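Chemist: If you scroll down you'll find the structure; I have some questions about it.
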Amino acid sequence: MIDRALIAERLAAVTSLEDLLTADDFERQVTLAKTGAPRPAAVLLLVVNHPAGRTVVFTQRTAHLADHAGQISFPGGRCDAADSTPERTALREAEEEIGLAPTQVEVLGRLPDYHTGTGYRVSPIVGWAEGPLTYRPDPHEVEEVFEVPLDFLLDTRNHHYETGMQRGRLRGYWALPYGERYIWGATAGMLVTFQRVIAGGPPGRA
C-alpha cells in the first residue's frame with residue numbers, strides 16, 4: 001500500500017538524480033541544466049486519498065495559452081519574486097489555477113529538479129490531500145481538472161519512451177496514455193521519476 005508515510009520516506013532518501021534515471025534521461029537533464037540560465041518554476045504533484053484508492057491531480061490547459069496550449073500538466077508555474085520557496089510557488093499556483101486552498105495540502109517532499117527544453121528548472125513538489133476535493137478552475141488557464149489512479153501512474157507497463165520531431169530535431173520523451181488523455185513531455189518525465197523514487201531506482205538497477 002502506497003501511503004503518505006512511504007512517499008515521504010522515499011522522497012527523503014533521494015540523494016542523486018543519477019540514482020533514478022537511465023543514461024539517456026540523465027544525459028539530457030545534464031545538458032539542459034547547463035544551457036543558459038534556467039527560469040525557476042514549481043508544480044504540485046498532488047496525491048489524493050480516496051476511500052476507493054489514491055489518485056493524482058492533473059489540469060488540461062486551455063487552447064489559447066501561449067505556452068503548452070491544450071497540454072496536460074500539474075498545477076504550477078513560474079516562481080514569483082515574492083515566493084520564498086518552490087513549495088510556496090506550487091501551492092500558490094494550485095490555488096490560483098484550480099482553487100485548491102494551501103491548507104488542504106500536506107507537503108511530503110520534493111522530486112529532483114526537472115529541466116525542460118523551454119528553459120525552465122521545475123521543482124516538483126509532492127503533496128497529499130484527503131479527498132474528495134472540490135476544484136474551481138481558472139477559465140483563462142485551465143480547461144479541466146481531472147484525476148488519474150496512482151496505481152496506473154506507478155505501473156511501468158504504462159510508461160512509454162517515444163520519439164518525435166521537436167523544433168526540427170528528433171527527440172525522445174516519456175508518455176503515459178490514459179484513455180483519451182495523452183500525458184507526455186515534462187509532466188510524464190516527472191511521473192517516471194516519481195515512480196522510480198517510490199520503487200527505489202530505475203527498472204533493472206542492480
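Chemist: Counting only residues that are assigned to a strand (DSSP E or B) and touching a residue at least 24 places away in the same chain (Cβ under 8 Å), which one in the range 148-160 is surrounded by the fewest Cβ atoms within 10 Å (Cβ to Cβ)?
Modeler: Result: PRO149.
Chemist: If you don't mind, another one. Pairs under 9 Å by beta carbon, first residue farther than 17 Å from ARG196 by Cα and touching a residue at least 12 places away in the same chain (Cβ under 8 Å) in the range 105-119, partner β-branched (Val, Ile, Thr) and part of a loop (DSSP other than H, G, I, E, B), six or more apart or different chains?
Modeler: Pairs that qualify, where the first residue is farther than 17 Å from ARG196 by Cα and touching a residue at least 12 places away in the same chain (Cβ under 8 Å) and the partner is β-branched (Val, Ile, Thr) and part of a loop (DSSP other than H, G, I, E, B), are HIS115/THR35; GLY117/THR35; GLY119/THR35.
Chemist: Just to be sure before I move on: is THR163 surrounded by fewer than 12 Cβ atoms within 10 Å (Cβ to Cβ) and either among the aromatic types (Phe, Trp, Tyr) or touching a Gly at 6+ places or on another chain (Cβ under 7 Å) (or both) in the structure I sent?
Modeler: yes
Chemist: Just checking, which of THR31, THR35, THR103 is more than 22 Å from ARG169 (Cα to Cα) and surrounded by fewer than 19 Cβ atoms within 10 Å (Cβ to Cβ)?
Modeler: THR103
Chemist: Go through the range 69-137 and tell me which strands (runs of 3 or more DSSP E), entirely inside it, have 1 or more residues that are touching a helix residue (DSSP H, G or I) at 6+ places or on another chain (Cβ under 8 Å) and polar (S, T, N, Q).
Modeler: 120-130
Chemist: Would you confirm, using the coordinates I've provided, whether GLY36 is in a loop (DSSP other than H, G, I, E, B) and in contact (Cβ under 8 Å) with a residue 60 or more places away in the chain?
Modeler: Answer is yes for this residue.
Rule-based calculations on the coordinates, nothing more; no lab input. No experiment lies behind these values; they were computed from the predicted model shown. Glycine gets a Cβ as well: all are built from the backbone with ideal geometry, and neighbour counts include every protein chain shown.
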